[in-house]
Ligand SMILES: Nc1ncnc2c1ncn2[C@@H]1O[C@H](COP(=O)(O)OP(=O)(O)OP(=O)(O)O)[C@@H](O)[C@H]1O
Ligand SMILES: [Mg+2]
């Protein structure tokens, strides 16, 4: 074993440039593969976080105008959805987990000397579950009693809370909204949210739907927000909701514009597929780089075998087993590529560790080298280096000692 | 030397039981280079007994080295039979042949064939490593061998720091390392001047007197005459086989 390592050092010394280039190729290949896998993983996790940001598999519906005549009624009719409709859907739609109405308006917010224009959303308690609005410690979300009693309570986005209160703890404070005093009952826990409609949740104020209706006199919802029991059944649920609404408001069940639906799970699915294709593509490029490195190793080993032909011949003549000659050369190849691979993985680790400092985490996520990715990289590396070492090693083992000694 | 005589008697006993250490029957070798086929050996019959010393002579290209390589299991015959100590060698695998080369044959070449990067000690040690001898036993064995060829002082020298005669002594020590059944030397004095060549020949005769079985190829008639048996090869056939006393 020790002599094999000594031999390896001797060989690499006599082939400095080639060794360097080969090692570089292997480092490059390993770094490419593992880094791409790491970024893919980070990006995927970021995506998962974001889809949880708007809510997992949330559907947003917005009542609009009919796009086709139906049942003797003209197209272009406004469809108006109220709380009764929401109640109907809640009762009838199959596979529905939560639904909430959503009313929107803009109000002026006063707190001490501060005056801000904020987006106010009137909602039902289910809204918190669907849209992933989790209260920070010490607070709570709008509840059924608030709704029933049309209480003047509010739940606010974390960014807005900081803007208004600074270091003061917001829960329990009273602020003025459109001239009425409101009690702050909760502040949203910080969350990642990249997709939104009408602004990010972190800058909004949420109050009971009933309270908002009373203040504005609105009768009809701005949006309906709901989610399916099972994310995979979201498509069917949307169809069902459309049918229920079509029957009630007399529009065609095929009219996709009467109430527009945004299926966010569709988005996630699409991005997931895209990501997978992207990862396969990048992984493929990484593997190709490794193959090039492997060819380099194969090349260097062939030269080493050629240079050492006479020595191999002598060793065979003295009774070295062809099998052990083969093992020696295979070992040298593996050692060379494993060295390259280890350096490559270390580089990837360093990049993963320094990446968060670049502040790009919100857009592409933090690269993460999972054990599975590392194992996959190692497997590809091992396979390629074995193949690239095998042929030169076999050539060495199959040398004819008589001819080899004459070299 | 007690050990030496032990081997000696054992080898003499074997002589009675078997035909000999080496027994060749109708051995032929054809080199097929694609375009032409060269018949280097044309059905050679030869028996060599334990403790014999045989000088092999003949003109250039007559097939001496080919014969030596076959006997040394460096190459395999095209047809015919080769019994080494009664064991059929033809048809053996490469691994098995490697094992025979390691344990039963000691080969000495005209061009020494020492590894230039390593010391005399390490060169002699090589067959022992291949033979799987533990490290602590190896050291003693190598020192003993180098002493026998008179090179104890030079054990740390690289081959390039040695004279031709000294290199060939290292090669002989290496050939003796595994205590082989036969010593084969292909023109061992070919690259040496007369003085050094004579010394090497003396060493072979000394080894023969200690009971070794030795085959030596030589072009030098004077050296050949010192061997008790002389086999002449011409054109792939044995043309003469003389025993002197
Ligand atoms: N590897 C080979 N391929 C083809 N022909 C070969 C090979 N080795 C030897 N020969 C041929 O076989 C014949 C015998 O060669 P060999 O080397 O045995 O001769 P030799 O008696 O040892 O000659 P010398 O005294 O010059 O060493 C020669 O004609 C040679 O050209
Ligand atoms: Mg010859």
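When the residues of region B:179-196 are filtered to those that are under 9 Å from the mean Cα position of the chain (by Cα) and within 16 Å of ligand 2 (Cβ to nearest atom), the one that is surrounded by the fewest Cβ atoms within 10 Å (Cβ to Cβ) is B:186.
Select, from B:218, B:239, the only residue that is more than 14 Å from chain A (Cβ to nearest Cβ), surrounded by 21 or more Cβ atoms within 10 Å (Cβ to Cβ) and either within 16 Å of ligand 2 (Cβ to nearest atom) or within 17 Å of residue B:61 (Cβ to Cβ) (or both). Show your work before the answer.
Values: B:239 fails: surrounded by 21 or more Cβ atoms within 10 Å (Cβ to Cβ).
Every option except B:218 fails the conditions.
Conditions tested, residue by residue: (1) away from ligand 1 (no atom under 16 Å from the Cβ); (2) away from chain A (no Cβ under 14 Å); (3) buried (at least 17 other Cβ atoms within 10 Å of the Cβ); (4) within 20 Å of the chain's Cα centre (by Cα).
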| residue | (1), (2), (3), (4) |
| --- | --- |
| B:120 | yes, yes, yes, yes |
| B:127 | yes, no, yes, yes |
| B:132 | yes, no, no, no |
| B:143 | yes, yes, no, no |
| B:156 | yes, yes, no, no |
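Within region A:239-275, the set of residues being surrounded by fewer than 18 Cβ atoms within 10 Å (Cβ to Cβ), part of a helix (DSSP H, G or I) and without any contact (Cβ under 8 Å) to a residue 40 or more places away in the chain comprises A:239, A:243, A:247, A:266, A:269, A:270, A:273, A:274. Residue-level check: of (1) more than 17 Å from residue A:203 (Cβ to Cβ); (2) at pLDDT 95 or above; (3) within 29 Å of the chain's Cα centre (by Cα), residue A:152 misses just (3). For region B:33-150, the helices (runs of 4 or more DSSP H) that sit wholly inside it and include 2 or more residues that are more than 21 Å from residue A:397 (Cα to Cα) and modelled with pLDDT of 95 or more are B:64-71, B:120-130, B:135-148.
A single entry from A:326, A:301 fulfils the requirement of being away from chain B (no Cβ under 14 Å) and closer than 30 Å to residue B:116 by Cβ: A:301.
Where in region A:38-156 are there strands (runs of 3 or more DSSP E), lying wholly inside it, with at least 2 residues that are surrounded by fewer than 21 Cβ atoms within 10 Å (Cβ to Cβ) and in contact with a strand residue (DSSP E or B) (Cβ under 7 Å, 6 or more places away or on another chain)? Before the answer, list the steps.
Values: elements: A:58-63, A:96-111, A:114-123, A:153-156.
Those strands (runs of 3 or more DSSP E) span A:58-63, A:96-111, A:114-123.
Scanning region B:19-28 for residues that are part of a strand (DSSP E or B) and without any contact (Cβ under 8 Å) to a residue 60 or more places away in the chain yields B:24, B:25, B:26, B:27.
For region B:220-234, how many residues meet the condition of being farther than 21 Å from residue B:182 by Cβ and modelled with pLDDT under 95? Working first, answer last.
At the first step, the residues of region B:220-234 found to be farther than 21 Å from residue B:182 by Cβ are B:220-222, B:225, B:234.
Retained after the next criterion (residues that are modelled with pLDDT under 95): B:220-222, B:225.
Total satisfying the criteria: 4.
Does region B:20-27 contain at least one residue that is within 12 Å of ligand 1 (Cβ to nearest atom) and either crowded, with 21+ Cβ neighbours inside 10 Å or within 20 Å of the chain's Cα centre (by Cα) (or both)? The answer is no; no qualifying residue exists.
For region B:174-216, a residue qualifies if it is without any contact (Cβ under 8 Å) to a residue 24 or more places away in the chain and closer than 20 Å to residue B:51 by Cα, and the qualifying residues are B:202, B:206, B:209. Where strands (runs of 3 or more DSSP E) sit wholly within region B:159-245, those with at least 3 residues that are away from ligand 1 (no atom under 14 Å from the Cβ) occupy B:237-243.
Comparison of B:206, B:161, B:187 shows that the only residue that is closer than 23 Å to residue B:21 by Cβ and away from every other protein chain (no Cβ under 14 Å) is B:206. Condition check for residue B:111 on (1) over 17 Å from residue B:162 (Cα atoms); (2) within 16 Å of ligand 2 (Cβ to nearest atom); (3) facing chain A (nearest Cβ under 10 Å): one failure, at (1). Across region B:168-178, not a single residue is classified as surrounded by 17 or more Cβ atoms within 10 Å (Cβ to Cβ) and more than 28 Å from residue B:132 (Cα to Cα). Within region B:40-96, restricting attention to residues that are surrounded by fewer than 17 Cβ atoms within 10 Å (Cβ to Cβ) and within 16 Å of ligand 2 (Cβ to nearest atom), the residue that is farthest from the other protein chains (Cβ to nearest Cβ) is B:59.
The values are calculated or read from the model by the stated rules, or taken from the named source; none is laboratory data. Remember, predicted model here, so these are calculated numbers, not experimental data. Counting neighbours? That spans all protein chains shown, and the Cβs are built from the backbone with ideal geometry, glycine included.
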